[in-house]
Amino acid sequence: MEDLFERTILIVDDEAINREILGNIIQSEYKVIYAENGKEALEIIQSEASAISLVLLDLLMPVMDGNEVLKAMKEEGLITDIPVIVLTSEKSSEIESLKLGAADFLTKPYDLPEVILARVRHSIQLFENSKIIHATEFDKLTLLYSPEFFFGYASQFDQRFPNTVMDALVINFTHFHLLNQLKGRNFGDSVLTAMADGIRKALLKTGGIAGRNEADCFYLYIPHADNYNIFLDKITETLSSLLKPSEIRLRLGAYTDNERKFPMIQRFDHAVQACNSLRIKTTASTDICIYDDKMAEKEVFDAHLLQDFEAAIEQKQFKVVYQPKFNITGDKAVLCSAEALVRWVHPELGFVRPDLFIPLFEENGLVTKLDRYVWEEAARQIAAWKKELGVTIPVSVNVSRVDIAAPDMTDFITKIVKENDLSPSEYHLEITESAYTSDSKHIIKVVENLRALGHKIEMDDFGSGYSSLNMLTDMPIDVIKMDKAFIRNIQPGNKAMHLVELVLDIAKYLEVPVVAEGVETEEELKMLKEAGCDIIQGYYFSKPIPPEEMSRFV
Ligand code: C2E
Ligand code: CA
Ligand code: CA
């Protein structure tokens, strides 16, 4: 195949006659540029390294000789960018040049033109081929294998060692995108490089190979081990110069391949799935999950749910239930609003819990359709209660992170509120705390807009994720909903209770009320009331109920 572009060769020689002889030979195939001494040559190389395919460099020259040029190129790392052939009449200086990184040499007086051209072509091609191999075999940032090569070598490993039980591991850094956002891409890159170093160190002990797929997703193929702590420990060690221990959040998913019954990529899919299943637990700083039969079952179950989604919407299998919230600031608890929660009554699987399908639908882009269905139902329900019970029960609906990305979200809400003759203040939106950290600028804009229209914004699951206090002061919200995880553990004077008090202080400073959710017992209620909490939601007062049962609380 013919080359698509003409390559440029730089000829460096102080004698005009030599430049001319070589130039005449070479210009039949290449574009030629000239320099008369080393200094001139170096300047050209420094300014146009990427445009030059080869340098033909005389060794004996005034001002700056050939080996000095090579030295300078080596120091500046240019010698790995451009191959150099040295031109010499003395054998003795060749060795020195080759040591300095020259690719080849031509001795004066010159050979036949064909021989010279052949050597020039050969040097350029060798160099370009190795560059292509390097560019694709290794990931540039971490110098681990790139994905294609990783999978290729992993398969070769299997062929060479058919009896070794191997594990597919996936390691990543939880909320890596946040690190990039908060500390910048360069910092993110140095974290990835450090992770790769840790992995390389651990591999010296375990054997096996490693690659990087994308962003913070590292793949390892190693002989089976009963535990993988060595990887997490080594990575933590290398990260400790960049991050505080509390900032290091690693996850590891593993799939042990006893029978080699799946293709390589699928084994890694299993490991990724194991790793993703850890996402839900946000409290542990490092975590390991091994793919097992249960996860295989879950995979089948998830596929089932995804397949049935459209029909479920059409056949109205999704039901909305309402959990009342009570204001406890007075002597008697008073119903003040309700949260809309979705239920799936599946014709074959029966009742399916939302935490089994909401995260799945979020991942697969279906949640917005479902949420809009729930939002419409809720708007209709507020209007229905008004008519039947003669009172307004404001309802809060859940908003997934994904929903906010849709450019017409606010228009949609406005439309359903109008269609049901509601005032926006009767319609609240619960946005989960972690949503604020993903594309915070956009989310803040949407929230500001909705508030300007008169909607109330409740920050859901506060304390469960990564809110920075900074953010809270910039953020327009109307209500904080404390994550039910702390309520679960409160005892007078314990850590969970201190956290609750802290949240209440923050809320007081921001002048917004706090909803405590998941309140199950009288003791919890008492402690929260004493601490100054305004609103309570939880089984103590009521489980989520169908709308027709709401009348008993009015
Ligand atoms: P969430 O928004 O934090 O909702 C509160 C969850 O706590 C509900 O679970 C509710 O039933 C439960 N809960 C309430 N009181 C208590 C209590 O005293 N003790 C305990 N142990 N739990 C209590 P549910 O309905 O299973 O919903 C789980 C999660 O699913 C919700 O958490 C929410 O994140 C999501 N979800 C539910 N419905 C929707 C929806 O329509 N759209 C979206 N995007 N997410 C939804
Ligand atoms: Ca909620
Ligand atoms: Ca919540």
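Given the condition farther than 29 Å from N229 by Cβ and small (G, A, S), answer yes or no: does some residue in the range 130-150 qualify? Taking every residue of the range 130-150 in turn, at least one turns out to be farther than 29 Å from N229 by Cβ and small (G, A, S). So which residues in the range 364-380 are farther than 15 Å from L429 by Cβ and more than 16 Å from ligand 2 (Cβ to nearest atom)? Passing the criteria: N364, G365, L366, K369, Y373, R380. Here the range 297-349 is the region considered, the condition is being of a type in the set (S, T, N, Q) and over 31 Å from the mean Cα position of the chain (by Cα), and the residue that is farthest from I382 (Cα to Cα) is T329.
Within the range 510-530, restricting attention to residues that are closer than 21 Å to L472 by Cα and outside any strand (DSSP E or B), the residue that is farthest from ligand 3 (Cβ to nearest atom) is E511.
Only one of the numbered conditions (1) loosely packed, with under 13 Cβ neighbours inside 10 Å; (2) within 14 Å of I209 (Cβ to Cβ); (3) of a type in the set (D, E, K, R) is not met by D139, and that is (1). Select, from A311, A296, the only residue that is more than 16 Å from ligand 3 (Cβ to nearest atom), surrounded by fewer than 13 Cβ atoms within 10 Å (Cβ to Cβ), at pLDDT below 95 and small (G, A, S). Within the list A311, A296, the selection yields A296.
The set of residues in the range 314-342 being within 16 Å of ligand 3 (Cβ to nearest atom) and of a type in the set (K, R) consists of K325 alone.
Scanning the range 475-517 for residues that are small (G, A, S), in contact with a helix residue (DSSP H, G or I) (Cβ under 9 Å, 6 or more places away or on another chain) and surrounded by fewer than 18 Cβ atoms within 10 Å (Cβ to Cβ) yields A485, A496. Screening I431 on (1) at pLDDT 95 or above; (2) of a type in the set (A, V, I, L, M, F, W, C); (3) closer than 16 Å to D460 by Cβ shows it passes everything except condition (1).
For (1) within 16 Å of ligand 1 (Cβ to nearest atom); (2) of a type in the set (D, E, K, R), each residue gets a yes or a no:
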site	(1), (2)
M295	no, no
K316	yes, yes
I328	yes, no
V334	no, no
V352	yes, no
V397	yes, no
R401	yes, yes
D411	no, yes
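Taking residues in the range 365-392 that are touching a residue at least 24 places away in the same chain (Cβ under 8 Å) and of a type in the set (K, R), and partners anywhere that are surrounded by fewer than 19 Cβ atoms within 10 Å (Cβ to Cβ) and part of a loop (DSSP other than H, G, I, E, B), the pairs with Cβ atoms closer than 8 Å and at least 6 places apart or on different chains are R380/N420.
When Y110 is tested against (1) touching a helix residue (DSSP H, G or I) at 6+ places or on another chain (Cβ under 7 Å); (2) more than 26 Å from G188 (Cα to Cα); (3) modelled with pLDDT of 90 or more, just one condition goes unmet, and that condition is (3).
State all residues of the range 519-540 that are within 16 Å of ligand 2 (Cβ to nearest atom) and surrounded by 18 or more Cβ atoms within 10 Å (Cβ to Cβ); if no residue qualifies, say none. Full working, then the answer.
Filtering the range 519-540 down to residues within 16 Å of ligand 2 (Cβ to nearest atom) leaves 519, 535-539.
Within the range 519-540, V519, I535, I536, Q537, G538 qualify.
Of all residues in the range 103-121, none are free of Cβ contacts under 8 Å to residues at least 12 places away in the same chain, in contact with a strand residue (DSSP E or B) (Cβ under 8 Å, 6 or more places away or on another chain) and surrounded by 13 or more Cβ atoms within 10 Å (Cβ to Cβ).
The values are calculated or read from the model by the stated rules, or taken from the named source; none is laboratory data. Note that the structure is a prediction, hence the values are computed from the model and not measured. So basically every Cβ, Gly included, is an ideal-geometry build from the backbone, and we count neighbours across all protein chains shown.
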